[in-house]
Amino acid sequence: MDSADDAGPNSVFPSSVQPDQQNPSVSERIDDRLKRVSLVDTDALPGDAPPPAPHAIDVDSHAGVNGVLDARSGSEGNDKREEDGGEAPGDVLLPQLVGAEHAFEVTRSSSDAGLRDNFEIEVEEPSSPSSSGYAGERGSSNATTSTGIEEVGEDEIVEADAADSSVWTPGKRHVDEDDGSISWRKRKKHFFVLSHSGKPIYSRYGDEHRLAGFSATLQAIISFVQNGGDRVNFVRAGNHQVVFLVKGPIYLVCISCTEEPYEALKGQLELLYGQMLLILTRSVNRCFERNPKFDMTPLLGGTDAVFSSLIHSFSWNPATFLHAYTCLPLAYPTRQAAGAILQDVADSGVLFAILMCRHKVISLVGAQKSSLHPDDMLLLANFVLSSESFRTSESFSPICLPRYNPMAFLYAYVHYLDVDTYLVLLTTSSDSFYHLKDCRIRIETVLLKSNVLSEVQKSVLDGGLHVDDLPVDSSTSGSLSPHLGQDRSIPGSPDRSLSGIGGPGGLWHFIYRSIYLDQYVSSDFSSPINSPKQQKRLYRAYQKLYASMHSRETGPYKTQFRRDENSVLLCWITQDFELYAAFDPLADKALAIKICNRVCQWVRDIENEIFLLGASPFSW
Amino acid sequence: MPARRRTLLKVIILGDSGVGKTSLMNQYVNKKFSNQYKATIGADFLTKEVQFEDRLFTLQIWDTAGQERFQSLGVAFYRGADCCVLVYDVNVMKSFDNLNNWREEFLIQASPSDPENFPFVVLGNKVDIDGGNSRVVSEKKARAWCASKGNIPYFETSAKEGLNVEEAFQCIAKNALKSGEEEEIYLPDTIDVGSSSQQRPSSSGCEC
């Protein structure tokens, strides 16, 4: 790690990755960052008004809460009821920004047994004025129950085989099917891409040409509505949802009975379109303008695996809905060493230099003022990982980063340094293959010399964060994450006895997304979330939670607490981060809140190992 | 998207209601005929794979409704068609007279790049009826009209007996294929970082 010492965290990456663009002002962002944030359970301080709380909100009316439920009742309408031995009335979930101008609270359901069900939701709106203190009772009167998340179940003929990412292989399957096949009709989730004249471009299942009639039908529906000066967003038919996305002459359609929220499916179609742009750029539109008959399938020849792998990632990769990337956990000096050499080549005319291990970033830098959008990174990584030919030799390929510039190609030099680790160098010049090759040789030499590659392999073997490694007490959390270079077998916390399985306090899993870094970290799956089916169910639950937290109609919200027969989900959003946590369905709420605070503290304590810091000029 | 290049041809079938558009398509695709009349609502879509000169291609057949109330669907349906089939009933003069309207309507709505040479095929259907005794449009008259419109290929068909149906669609495919022959050149830009004219979508929010 010879190059790590002389480069401070800020000097290494002067101007690469963009911080979150929604935050309006930089200074504000940094100010927020300086505040301590914690989620407080006010059971501990009953009757106390929270400390300075100019904006304390409570959601106390049935209408308020049901409004939230109703907004997504299409998909959640059927959560199974379960008799739940009522909890103490009126405990309050009170997250607060200590010493800051925001404090808010939400109450959960009262003990009114008639209204109790196992499906609790608490939501609060950040902006409605209200007094602090106890917020009245509310009940979830969500009467219907859904097979919603259960969808992952037995009858799934499709994705069962695809659920385990370790055995999943990309590529088109079931090409012998068409819309007349029973098996085709039973598939849970279809994706179609077609041209504005109704010619098929891509179908997840079945042969595109044999689906020409089906494709024509989709175009007829879209065009018919378009003719009326309107736009069709989605159609619900029984338990199927048909979601449409029109991108100029290219139409994208998802037909799904997975009960995923509309926003999630639309986001997936956007990514599918982005993947197409990555391969072709938006210049294809011109071909359609000149010739509506234009058939773009030949241009996409051989890319089936890219699309099928992207679609597969919609059921396991949180980056697809979080719009953030994740890093491979590495000791800070190791990541610095990698960043320093990447910076070195970036200064020599490389637009972006990205070192990745599978879907995780080791380090990345950008030249000039360029920044890389997390969605572009996702699409680029998917393109590289799903195209077998990159693994066999160094490659130079035109690619387009749709969020960077959808109209034009960049050129990507791609080289695998070992079986999982690959380097992508992006340039604007089509004749710089040999220059980039030289850059790669330099980078590879440095990485080998400074042991970065062996550290990377070690990290892959060690895995990521484990919920059972959550520090027992925040007072001890100054230490590094236990498994990073240290003994990982610390004794379980006392809290563990409360749940028996999983992490402390019944914590099963969490995802922490740093808003200003555009990065997230998610804990490794561990008992009891063992099977691919359970993992997918949790993934879908997070996805739904994300959509409801960010819903334009009903949100955005700052906290949400949900209990159903599968799990307890807790989401907490501040200006700095979003935390999604899953607990045992019987987890104690006050304790869950405490655990969430601990998770946040833990993440902050080890942030220089799990995040790429200094990639943004505004971070520290 | 297999390695072997396949072509998909979009074929629109137009004509007055009741001239036998759906029956022709059914005879061609499914080798079936029914005497029962079922009005098409909006449009029906059928797919047929065809071999032609060692090439495999797919016909995507848009069987439209003949009733006037469906004509507002035009633009939506006609866009990007590779061939247009005009059908009339040799026993109904009005259906023949209307061919001109159908053709013009199509050219207006689909606005093909080269309307003069857009491939049409005309089919005079139901020649089997009454042994041909009830026919009111002579073959000569039909051929004359076709010739005046740029030598449109003409076939006399019977969907019921399967007469000339295969031949007609072979010709349709051949003409559609011919019109699709000119290749589009696809030439994307490359980013020039040096110039400041880089287009950035607002969503990327790159301002730093």
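The values are calculated or read from the model by the stated rules, or taken from the named source; none is laboratory data. What you see is a predicted model, and the numbers here were worked out from it, not measured in a lab. Every residue, glycine among them, receives a Cβ derived from its backbone with ideal geometry; neighbour counts consider all protein chains shown. Remember, those area values only see protein heavy atoms, side chains included, never the ligands or the DNA or RNA. Shrake-Rupley method; radii C 1.70, N 1.55, O 1.52, S 1.80 Å.
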Extension gain from residue B:37 to residue B:151, taking 0.36 nm per residue of separation minus the Cα-Cα distance: 37.9 nm
What pairs from B:141/B:178; A:189/B:38; B:21/B:126; A:266/A:544 go past 22 Å between their alpha carbons? B:141/B:178; A:189/B:38
Could you tell me the center-to-center distance, by alpha carbons, between segment A:172-226 and segment A:306-338 in angstrom? 30 Å
Share of segment A:218-375's accessible area from carbon and sulfur, percent, 1.4 Å? 54 percent
P(r) for segment B:48-136: what percent of alpha-carbon pairs falls in each 10 Å bin, starting at zero? 14, 39, 32, 14, 0
Set A:293/B:48; B:31/B:149; A:172/B:31, cut-off 21 Å on Cα-Cα distance; pairs above it are B:31/B:149; A:172/B:31
Just give the residues from segment A:290-321 buried by at least 50 square angstrom of accessible area in the all-chains context relative to the isolated chain, probe 1.4 Å, and say none if nothing qualifies. A:290, A:293
Alpha carbon centre of segment B:5-59 versus segment A:367-430: separation in Å? 44 Å
Under-5 Å amide H pairs with residue A:247, H placed in peptide plane, nonlocal only: A:252
Where the convex hull is taken over the Cα atoms of segment B:15-61, what is its projected area averaged over directions, in nm²? 3.8 nm²
FRET efficiency for residue B:174 and residue B:141, Cβ-Cβ distance as r, R0 = 25 Å, nearest 0.05? 0.50
Please list 3J(HN,Hα) in residue order for segment B:105-113, calculated via the Karplus relation 6.51 cos²θ - 1.76 cosθ + 1.60 where θ = phi - 60°; whole Hz, with x for glycine and proline. 4, 4, 5, 5, 6, 7, 5, x, 5
Accessible area in square angstrom per residue, segment A:172-266, 1.4 angstrom probe: 35 Å²
Quick one: length gained pulling residue A:462 to residue A:449 fully straight, 0.36 nm per residue minus the C-alpha distance? 2.5 nm
Considering amide H positions built from the backbone, and no H for Pro or chain starts, which residues 5 or more places from residue A:399, or on another chain, come under 5 Å of its amide H? A:410, A:411, A:412
Scan around residue A:201 for amide H atoms under 5 Å from its own, H built in the peptide plane at 1.01 Å from N, and keep only partners 5 or more places away or cross-chain. A:193, A:194, A:195
Roughly how much accessible area, to the nearest 100 Å², goes out of reach of solvent when B and A pair up, both sides summed, probe 1.4 Å? 4400 Å²
Do any residues of segment A:217-257 show a loss of at least 50 square angstrom of accessible area between the isolated chain and the full protein assembly, using a 1.4 Å probe, and if so which? A:227
Heavy-atom accessible area per residue, segment B:51-158, 1.4 Å probe: how many Å²? 44 Å²
Mind checking the alpha-carbon convex hull of segment B:99-157 and giving the volume per residue in Å³? 79 Å³
What is the calculated FRET efficiency for residue B:52 to residue A:552, with r their C-beta to C-beta distance and R₀ = 51 Å, to the nearest 0.05? 0.50
